[in-house]
Amino acid sequence: MAKIIRRLAFAAISVFTLVLIVVVQGILKHRFLVFSVFDLPLIYCVYYGFTRNRPVPSVFVGSFLGLMQDSLSGVAMGTNGFSKALICYAAASTSLKFNVDQPITRAAGLFLFTLADSLLVTILTMTTGALVRPLYGSRFVDLMLLEIFNTLLGLLMFGIRDRYRNAT
Amino acid sequence: MVPDTKRPGWIVLVSALVFHVLLLSLQTNQRENPAFMRSWLLDALVPGQKLVDRSIQGVRGVWTGYFALVGVRDENTKLHAENDRLRMQIQSQEEALREAARLRTSLGLAESGIGKTVAARVIGRDPGRSSQTLTTDKGRVHGVQMSASVMTPDGIVGRVIGVGHSSSIVQLITDPQSAVAALLKNSRIQAVFKGTGGRDLELDYIDDDGTIAVGDELITSGLDQIHPKGLPLAIVTSVDPRGELFKIVRARPRVDMGRLEEVLILIQPAKQAEERVPPTAPLPSD
């Protein structure tokens with residue numbers, strides 16, 4: 001019985017954490033426009049995949065995060081869900097094959113996954129018939145800025161996590 | 001051959017991806033209907049967003065109300081002076097307004113007002129990167145409907161694209177999926193301005209003979225059946241040649257989309273409001 005309650009509590013905390021990430025991203029973007037260059041749900045997807053090393057739960061985490069992002073934005077439901085599910089799974093699979101404890105590996109992973117997410121979302125948005133801004137010119141600059149800032153914030157999160165683990 | 005230990009991972013991933021693809025294809029066929037999942041998720045997420053937003057507002061209120069008071073006295077004096085000036089302006093125009101209403105009634109003309117609106121607070125923005133939307137704290141219970149026009153006293157903001165029980169998603173006019181039927185205020189040229197995903201609106205392929213110049217004011221034409229006619233939309237910021245025959249016209253919206261705190265959502269357009277009042281109804285007394 002205690003085990004079931006512990007599992008339910010863990011599941012509730014996990015769901016609450018995921019909801020909080022999406023809510024915080026939306027509010028931070030509203031209050032501080034600089035947060036429009038960060039993608040907290042994506043950073044958390046990569047963080048979860050790299051630290052938990054479990055591909056199956058990663059798929060659910062990514063899907064849930066993506067669907068919540070879709071519900072609060074103007075894109076078709078499933079766009080970010082598809083992308084985040086794939087990326088979260090890829091991050092978890094990568095962590096099983098490579099050593100992702102090194103900052104350089106983490107930076108490369110964050111950079112590539114951010115790029116992959118942007119491309120996937122753009123392609124899926126186009127396939128649903130919606131108009132997108134072309135991926136060149138000023139949009140390319142925005143994309144590169146997003147990559148760099150996302151990578152930096154992700155590295156910071158990893159650093160805080162490592163420090164907390166070492167302290168405890 | 002995939003090892004047995006890795007098979008569940010692949011199966012779960014493929015199942016999830018197939019689910020998302022089915023969800024996407026379902027909406028492609030029913031673009032006018034709100035996604036049922038969006039409505040549920042909206043109702044689940046927005047209470048948390050409102051709570052956090054109210055907490056931030058509370059802290060901000062304490063800070064600006066009791067601590068950050070530098071310049072408040074000067075601002076107060078300026079606002080009092082502007083208030084007095086506006087009151088005198090209103091008084092001088094009241095008689096003209098009454099006469100216009102009397103003439104409109106006697107001629108049987110439709111009410112030229114906007115209609116009935118509800119004020120809504122902006123509590124968040126889209127957490128994604130490919131669209132420009134806002135979340136507000138008014139929804140179905142407050143009379144908000146899909147495709148309702150959203151505005152501020154400065155001009156048009158966008159339209160509602162998702163409605164929950166007590167929240168709604170507003171697509172900004174700068175969103176790449178957005179298009180607004182516009183009218184140049186002076187030359188009365190009609191056009192459709194699309195969002196670019198950035199700060200500006202863009203008009204493609206206008207006739208080279210068009211007399212559009214930088215600084216021209218754009219207003220809504222009402223032809224899109226979403227935004228009431230005559231509301232401020234944008235100001236033309238650049239007119240550049242595109243090939244030999246056409247021009248690209250860019251315009252900056254009148255509303256600063258980065259500083260939206262409160263918006264007005266149209267819940268009953270003027271024509272509907274006018275149908276409820278018989279033409280011979282007496283004018284409201286002061």
Collect residues whose amide H, placed 1.01 Å from N in the peptide plane, falls under 5 Å from the amide H of residue B:248; neighbours closer than 5 in sequence don't count. B:240, B:242
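Roughly how big is the protein assembly as shown's charge dipole about its Cα centre, with Cβ charges of +1 (Lys, Arg) and -1 (Asp, Glu), in debye to the nearest 20?
Numbers: 49 positive and 40 negative charges, 384 e Å.
Rounded to the nearest 20 debye, it is 1840 debye.
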Between residue B:94 and residue A:13, what FRET efficiency follows from the Cβ-Cβ distance if R0 is 45 Å, with the result rounded to 0.05? 0.15
Summing +1 for each Lys or Arg and -1 for each Asp or Glu, what net charge is found among the other residues whose Cβ lies under 13 Å from the Cβ of residue B:234? 0
Given the DSSP H assignment, sum -39500 (n - 2.57) over each helix run of at least 4 residues in the protein assembly as shown and divide by its residue total; what's the result at 222 nm in deg cm²/dmol, nearest 500? -17500 deg cm²/dmol
Out of A:55, A:41, A:103, a Gaussian network model of chain A with alpha-carbon springs under 10 Å gives the largest mean-square fluctuation to A:103
If amide hydrogens are placed 1.01 Å from N in the peptide plane, which non-local residues have theirs closer than 5 Å to the one on residue B:122? B:262, B:263
Could you point to the residue in A:49, B:218, B:255 farthest towards the positive end of the protein assembly as shown's charge dipole, with +1 and -1 charges on the Cβ of Lys/Arg and Asp/Glu respectively? A:49
For a bin width of 10 Å, list the pair-distance distribution of the protein assembly as shown built from all Cα-Cα distances, rounded to whole %. 4, 17, 25, 24, 16, 8, 4, 1, 0
Among A:111, A:91, A:74, pick out the residue whose Cα is farthest towards the positive end of the charge dipole of the protein assembly as shown, where Lys and Arg carry +1 and Asp and Glu carry -1 on C-beta, about the Cα centre. A:91
Determine how large the accessible area of residue B:154 is when every protein chain is in place; take a 1.4 Å probe and give Å² rounded to the nearest 10. 100 Å²
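So, with +1 on the Cβ of K and R and -1 on the Cβ of D and E, and no other charges, what is the size of the charge dipole of the range B:133-229 about its Cα centre, to the nearest 20 debye?
Numbers: 8 positive and 12 negative charges, 120 e Å.
About 580 debye.
In square angstrom, what is the accessible area per residue of the range A:3-88 with a 1.4 angstrom probe? Mind dumping the intermediate values first?
Numbers: 3240 Å² over 86 residues.
Counting only protein heavy atoms, the per-residue value for the range A:3-88 is 38 Å².
Give me the inter-chain shielding for A:83-90: mean count of other chain Cβ atoms within 10 Å, whole number please. Walk me through the intermediate numbers first.
Numbers: counts 3, 2, 7, 4, 0, 2, 6, 1.
Across A:83-90, the average partner-chain Cβ count within 10 Å equals 3.
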Residue by residue, what Karplus-based ³J(HN,Hα) values in Hz, rounded to whole numbers, does the range B:58-71 have, using 6.51, -1.76 and 1.60 with θ = phi - 60° and x for Gly and Pro? x, 5, 4, x, 5, 5, 6, x, 10, 10, 7, 10, 5, x
Just by accessible area at a 1.4 angstrom probe, what is the order of A:157, B:88, A:1 from largest to smallest? A:1, B:88, A:157
Taking every C-alpha to C-alpha distance in the range A:50-161 and binning by 10 Å from 0, the per-bin percentages run 14, 41, 35, 10, 0
For the cross-link pairs B:138/B:229; B:185/B:229; B:50/B:229; B:116/B:138; A:29/A:84, which exceed 21 Å when the distance is taken from alpha carbon to alpha carbon? B:138/B:229; B:50/B:229
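When only the heavy atoms of the protein chains count and the probe is 1.4 Å, how do A:51, A:114, B:237 rank by accessible area, highest first? Walk me through the numbers on the way to the answer.
On the way: A:51 30, A:114 5, B:237 65 Å².
Result, largest first: B:237, A:51, A:114.
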At the nearest 100 Å², what buried accessible area, both sides summed, do you get for B and A when the probe is 1.4 Å? 4200 Å²
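Which whole number gives the average, over all residues in B:119-126, of C-beta atoms from other chains lying within 10 Å of the residue C-beta?
Values: counts 0, 0, 0, 1, 4, 11, 12, 12.
Mean shielding by partner chains, rounded to a whole number: 5.
The values are calculated or read from the model by the stated rules, or taken from the named source; none is laboratory data. Please read all numbers here as calculations on a predicted model, not as lab measurements. Here Cβ is always computed from backbone atoms with ideal geometry, including for glycine, and neighbour counts include all displayed protein chains. Ligands, DNA and RNA are stripped out before the accessible areas are found, and what is left, the full protein with its side chains, is counted by its heavy atoms. Shrake-Rupley method; radii C 1.70, N 1.55, O 1.52, S 1.80 Å.
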